Amino acid sequence: MITLTVNGESHTLDIDPSTPLLYALRNQLQLHGAKYGCGLGQCGACTVIVGEEPVFSCLMPVAAIGERAVRTIEGLGTIEQPGKLQRAFINQQAAQCGYCIAGMVMRAQALLDRTPWPSDEEIRAHMEPNLCRCGTHMRILAAILEARGASNGNHS
């Protein structure tokens, strides 16, 4: 048995400890925001926050989570009440096909949680591991910049 705290709720799962977190989220907990992209930790579609760090959930076995909390896109807001970063992605029309967006949002959220006012260079470096095949990188960057302003006042 593995106990995971996901989006503030504790779940006890009867799964193999080597099961990737992505499969526990999608198959056992029915949280489908994190996507299976490559299964190799190279695209970032499966990115979630574990503790305070963005991780590729396709590579992380549930046994490695320990006591750390897991946050998924579902934990940031709802369709009716999107979180600040989600709202910024909507405002900037950052999604084209939408496949990578949950992972992008989660990686960006981890950065904004740690550094509420990151520089453009910090944002670009932090977001580099996640891929967008549609090419909406500039809109994604604009969304993060918008959320950065919303999260810590309006700095110039």
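The values are calculated or read from the model by the stated rules, or taken from the named source; none is laboratory data. On a predicted model such as this, the values are computed, not experimentally measured, just so you know. Cβ sites come from the backbone with ideal geometry, for glycine too, and all protein chains shown count toward neighbours.
When you look at Asn91, is it surrounded by fewer than 24 Cβ atoms within 10 Å (Cβ to Cβ), polar (S, T, N, Q) and within 18 Å of Ile144 (Cα to Cα), yes or no? So that I can check it myself, show each step before the final result.
Working: surrounded by fewer than 24 Cβ atoms within 10 Å (Cβ to Cβ): yes; polar (S, T, N, Q): yes; within 18 Å of Ile144 (Cα to Cα): yes.
Criteria met by Asn91.
Could you please let me know if Leu40 is exposed (fewer than 15 other Cβ atoms within 10 Å of the Cβ), more than 15 Å from Arg107 (Cβ to Cβ) and hydrophobic (A, V, I, L, M, F, W, C)? Yes; evaluated as a whole, the condition is true for this residue. Glu74 falls short of the stated requirement of being closer than 27 Å to Met138 by Cα and either loosely packed, with under 14 Cβ neighbours inside 10 Å or of a type in the set (Gly, Ala, Ser) (or both). Number of residues in region 96-117 that are crowded, with 21+ Cβ neighbours inside 10 Å and either on the phi > 0 side of the Ramachandran plot or at pLDDT below 90 (or both) equals 1.
For region 118-126, the condition of being closer than 21 Å to Pro17 by Cβ and surrounded by 14 or more Cβ atoms within 10 Å (Cβ to Cβ) holds for none of the residues.
Please note which helices (runs of 4 or more DSSP H) are completely contained in region 53-156 and include at least 2 residues that are small (Gly, Ala, Ser), within 23 Å of His11 (Cβ to Cβ) and in contact with a Lys or Arg (Cβ under 9 Å, 6 or more places away or on another chain).
In region 53-156, the matching helices (runs of 4 or more DSSP H) lie at 101-114.
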